[in-house]
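First comes the structure, then the notes that go with it.
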Amino acid sequence: MARDENQNAPPGQDPDDLAELLEETRILLPGSEVLVAFLISLPFTNQFAELTNVQRGVYLATFFSALAALICFVMPAAYHRLARPIRKKGAFKILANRLLIVGLIPLSFSLPLATYLVTSLAATDMIALVVSAVVALLIGALWWLLPLVRAHDRCAADDAATQQPAALPM
């Protein structure tokens, strides 16, 4: 079955779903792991003792949200390994896809929070608020709004309209 035909397959039935899911997980995992590793090491630095109560609260919120995201992103691999053999692969793909989406929620919070924490140490709290708000808006627009309004469908329609064959001169 060609890829274009698979796009109309019911959820979980497209044979390319698992490959795409694995590739997307490979993109999400390293960044989440690095963020969590950075956050785990932060309390062991000398500068951590100098954090304000607000910065400590932001640190904890960042750490726990990044950790929650990482747990969700690792879940499909752990589940797959422990529950082998997977007899209902379609159901597993749907479950794994949902966990990746759920993991994006805490990751969407942890990145602006981490931005605030780092920026508040290097600049003023006001600059940190502005920069982290911009990061939050970018994540909201690019990770959530564009996919939910299915912007790629609009781009494909625009491309199809502009690629109409030109009329042949007579």
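When the solvent-accessible surface of protein heavy atoms is calculated with a 1.4 angstrom probe, in what order do H152, H80 fall, highest first? Could the numbers behind the result be given before it?
Values: H152 105, H80 60 Å².
Sorted descending by solvent-accessible area, the residues read H152, H80.
Can you send over the solvent-accessible area of F109, 1.4 Å probe, protein chains only, in Å² to the nearest 10?
130 Å²
With r as the distance between the Cβ atoms of A123 and F44 and R0 = 22 Å, compute the FRET efficiency 1/(1 + (r/R0)^6) and round to 0.05.
Values: r = 24 Å, r/R0 = 1.08.
Working from the Cβ atoms, E equals 0.40.
Taking all protein chains as present, what is the carbon and sulfur share of the accessible area of segment 41-160, in % to the nearest whole number, probe 1.4 Å? Don't skip to the answer; put the middle values down first.
Details: 5320 of 7520 Å².
Roughly 71 percent, rounded to a whole number.
Calculate the all-directions average of the projected area of segment 29-130's alpha-carbon convex hull, and give it in nm².
Details: hull surface 29.1 nm².
Mean orientational projected area (segment 29-130, Cα hull): 7.3 nm².
Go through segment 54-61 residue by residue and turn each phi into a ³J(HN,Hα) via Karplus (6.51, -1.76, 1.60, θ = phi - 60°); whole Hz please, and just put x for glycine and proline.
Each residue of segment 54-61 in turn: 5, 5, 5, x, 5, 4, 4, 4 Hz.
Per q in 0.16, 0.19, 0.31, 0.35 1/Å, what log10 I(q)/I(0) does a Debye calculation on the alpha-carbon atoms of segment 82-122 return?
Values returned for q = 0.16, 0.19, 0.31, 0.35 Å⁻¹ are -0.57, -0.65, -0.95, -1.04.
Per Stokes-Einstein, at 25 °C and 0.890 mPa s, what whole-number D in µm² s⁻¹ belongs to segment 38-80, with the Kirkwood radius over Cα pairs as the hydrodynamic radius? Show your work: numbers first, answer last.
Details: Rh = 11.7 Å.
Here the translational diffusion coefficient equals 209 µm²/s.
Once both labels are modelled 7 Å past Cα along the beta-carbon direction, what's the E20-L148 spacing in nm?
Output for this residue pair reads 2.0 nm.
The values are calculated or read from the model by the stated rules, or taken from the named source; none is laboratory data. This is a predicted model, so every value here is computed, not measured. Don't worry about glycine lacking a Cβ; one is built from the backbone with ideal geometry, like all the others, and counts go over all protein chains shown. Remember, those area values only see protein heavy atoms, side chains included, never the ligands or the DNA or RNA. Shrake-Rupley method; radii C 1.70, N 1.55, O 1.52, S 1.80 Å.
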